[in-house]
1. Straight-line reach only, C-alpha to C-alpha below 17 angstrom: list the aspartates and glutamates that B:Lys69 could link to, leaving out same-chain residues fewer than 8 apart.
2. What per residue convex hull volume, in Å³, do the alpha-carbon atoms of the stretch A:269-357 yield?
3. Go through B:Ala334, A:Pro398, A:Ala353 and say which Cα lies farthest out towards the positive end of the charge dipole of the protein assembly as shown; charges sit on Cβ, +1 for Lys and Arg, -1 for Asp and Glu.
4. Can you give the relative contact order of chain A as a percent, counting alpha carbon pairs under 8 Å and 6+ residues apart?
5. Can you put A:Phe413, B:Phe316, B:Phe276, A:Phe257 in order, fewest other beta carbons within 10 Å first?
6. Grab the eigenvalues of the alpha-carbon gyration tensor for the stretch B:121-248, scale each by 5, take roots, and send me the semi-axes largest first in whole angstrom.
7. List the extent of the Cα atoms of the stretch A:69-165 along each of their three principal axes, largest first, rounded to whole Å.
8. For the protein assembly as shown, what are Rg and Dmax over the alpha carbons, in angstrom?
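Just so it is clear, none of the values below were taken in a lab; they were calculated from the coordinates. Remember, predicted model here, so these are calculated numbers, not experimental data. Positions of Cβ are backbone-derived with ideal geometry, glycine not excepted, and every protein chain shown enters the neighbour counts.
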Amino acid sequence: MKRFGWQWRAVSSLLLTASLIRSGAAEIRPQYGGTVHVAMREAPISLDPNDTTQADSFARRNLLALIFETLVTVDDRGRMRSGLAVDWQAAPGNQRWQFHLRRGVKFHDGSSLTAEIAASSLRMANPSWKVFAEADSVIVECEHGDADLPAALALTRNSIVKKQGGGKLSGTGPFYIEDWQPGKKLTLGAEENHWRGRGFVDAIEIEMGRNFHEQLNELELRKADLVEVAPEQAHRVAIEGCRVSSSQPVELVALVFSGDPKTADDKLLRSALARSIDRSSMKSALLQGAGQPAASLLPNWMSGYGFVFSSDADLKQARQLRDQVRTAANWTLGYDANDSVARLLAERVALNAKDADLVLQPTTAATVDLRLVRIPLASADPWIALAYVAGTLGMSMPNARGESMEDLYAAEFALLAEQRVIPLFHLPEEYATAPTLKDWGLAKDGSWRLDEVWMAKDKP
Amino acid sequence: MRLASCNSPWVSKPILILLSVLLWCCSLLANAASSWNEPTQQLARKIVAVTGPGAVGVIVENRSSLSKKDFDTISGILRVNLEALGARPAQPEQAAATAAVWLSENPRFYVWVAEIHQGAAESTVVIVTVPRGDEAELADDSMPMSLRKIPLWTQEGRILDVLVLQEDGTPRQIAVLDGERVAIYRLMNSKWQQEQSLSITHLRPWPRDLRGRMLAAKDHLLDVYLPGVFCRSSSALPLALNCRESDDPWPLVAPPPVTFPSFGGAPAVQPLGAFFSATRNFFTGALTPGVGRLTAVGKFYSAAPLPRDKYVLWLFLGTDGQVHLVDGITDQAAKPGWGSAVASVKTACGANWQVLATGVGENMTDSGADSVRAYEIADRDPAPVSAALEFSGEITALWTEAKGDSAIAVVRNLETGDYEAFRLAVACSQ
């Protein structure tokens, strides 16, 4: 010690003091035990991943991923990862796929995962697929070559579910269903023998049907550890001292016409509407700076080329296009009555359209000419995400020449050229968490990593 | 002209080092440029396929995380390639065609996009993708000692421990432990090649925060300690790994006793084993043979010895978030704000023994990225003796190497998700 002078001792004392001040933040290994309390807006009445009557949302997908698992998973960079299948291979032409199942996986009811059960579950979710078991493998045969089949198998609807008598569902996920009050509350318990190891927390309790305001109150009162935050409120919530985590922009907000343009005039009017929308002012005034203005279906972070589709308003060109048509129809613009931001956006779109001499009437009626929709992107794999958007909008995915980014661009360009959809924004998923919730991670694609969290026993 | 050689008495060592560094830098620059060559040529070909030869106005913009240096390199190569293909660079207003080129990116690729305008025709978009690599990072310090990290191994899957089996200044043969196997690699012609992969058999699922340790053995290659499982390699080639369910204690000090070069008569650290929970991520606290009279401490994640003149002070990082300083008679708890991994190293710096402890990263207080800092403990109070060495993610393992003067750290890179193993060494700064 004598070789160091008083100077470094002074510096070291300062550093030690600094490290002591930060002591509450030092990372330690995960601790076992405790219950995580989650609140969410959605109020699903079914936990069946195959139930298409339930609205798709990030909350529902994340919740189901705690209970059920898929053969393959896609990470937030769009890379395939093994799930219940340890590996897979395609025959030349990508028409026949073989997925080798992981051994020793058990359902929550104690029974073993078999290729027969997995194949049956996939058949149920995809009646048009030819799926069968072969030894410890699941074989999927497609009508046409499909290089993206593994990524499609990572979708929630393709979770492996064992259906028992009385509609009871069993999965292989890290948590089992302890108590289920449809639309109200779900309690999950940690599966002791999960193949990736038991989760750190003992239980997860999910309260459903809570609006954003109620959720934040519950977080403040320490009744909830993880709550959703509206993107337009995220900045304010963070300023107020809450820990807020954001995904990349993963939800598409768009205007969708009820049908294809029927005439050349109709095409011109749709172009005029698209050019009239001032997304930048909507972002700053209505979304409080959240989200990314978009004229593409896929967000730029996912494709890398989204900026090529210009989202800038061009009122002059909008008027020129409008002026080429003698009479314009009065369009009705539908929005979800329970979505306050959707109402504001619809009203602003109508105002912008009026500046281009177009008439749009915002309404909550069921039958409308065009509708403001929110579409949660299905995957970080851009091909799957685009196919999902197309499917949700009732459009056919164009046949791609290949699998390159240029082919993806061409497919997206072709979808937009149909003039059925006008993208407005890509919004992130936002969550606020209690300080005692540790190792909470929100993936870029909006996936929770709730099976990895643990609860700090001491209050920080 | 006489060429300088290593034996030349008139060329001083610093000059040789400087020359080597310059050569190394030149080769790095050349490599960087060459790695951009092919995709840039491809983009140039695609642009010229649309515009044809002639005057083309080209504007290049960086919309990615590429550095300015890389951006300038790529822009330069693109212009050279366009010219070589007959597309003469011109001001956009004087050109028959213009190409707006954006160097963009997505999570997996650099995405280079060119939007080409020709007269009143609709624009054409061409795209080239380049797989993204990882970025290196540097650490600096201003303390009496500095910590150096030497990359050993990176892989997508989990790394529990890395054992250097052979080295001659740099590692030549290493063993990498994950939950399912021990992979042995040898450095051949500057490339690591897998020599063997030894499967680990286990009946029960591993705990989620799996931990494991490898130790070199005297009469065979290595032993592997995992929760509830012990594996022993064979001694003869080809190697085999025999695993069995076991609750044997894990050695906290590599047996036989590690005797370091004597510094002031410090005693060797006697072997100490600790029992590890088969279903969790911590040591149960039961010790064998014990520290002095104490045969049990609280549950802990990590431990490190600090030899004193007449005894060994053991540091246990408890699951209660405290550091327990145990000297065989007393157990004194402190909260210095460390993480849950600690290792001690014997060096020629300072008081000769330093403790390496993890903590949250200086620059990323809420990101989950960790750092390691060296401390000395004069009595019972830790004093930092190095700057914090930042890592790209959470440190999942920190073990002292058998020779005692360095440690192995395993990090899970927050950005890539990959696991990266480093050797950590202490360097004396003064």
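1. B:Glu61, B:Glu105, B:Asp134, B:Glu135, B:Glu137
2. Normalising the Cα hull of the stretch A:269-357 by residue number yields 103 Å³.
3. Among B:Ala334, A:Pro398, A:Ala353, the one farthest towards the positive end of the dipole of the protein assembly as shown is B:Ala334.
4. 20
5. Starting with the residue having the fewest Cβ neighbours, the order is A:Phe413, A:Phe257, B:Phe276, B:Phe316.
6. Three semi-axes, in Å: 35, 22, 18.
7. 38, 29, 23 Å, listed from the longest principal axis down.
8. Every Cα atom of the protein assembly as shown included, Rg and Dmax give 30.7, 101 Å.
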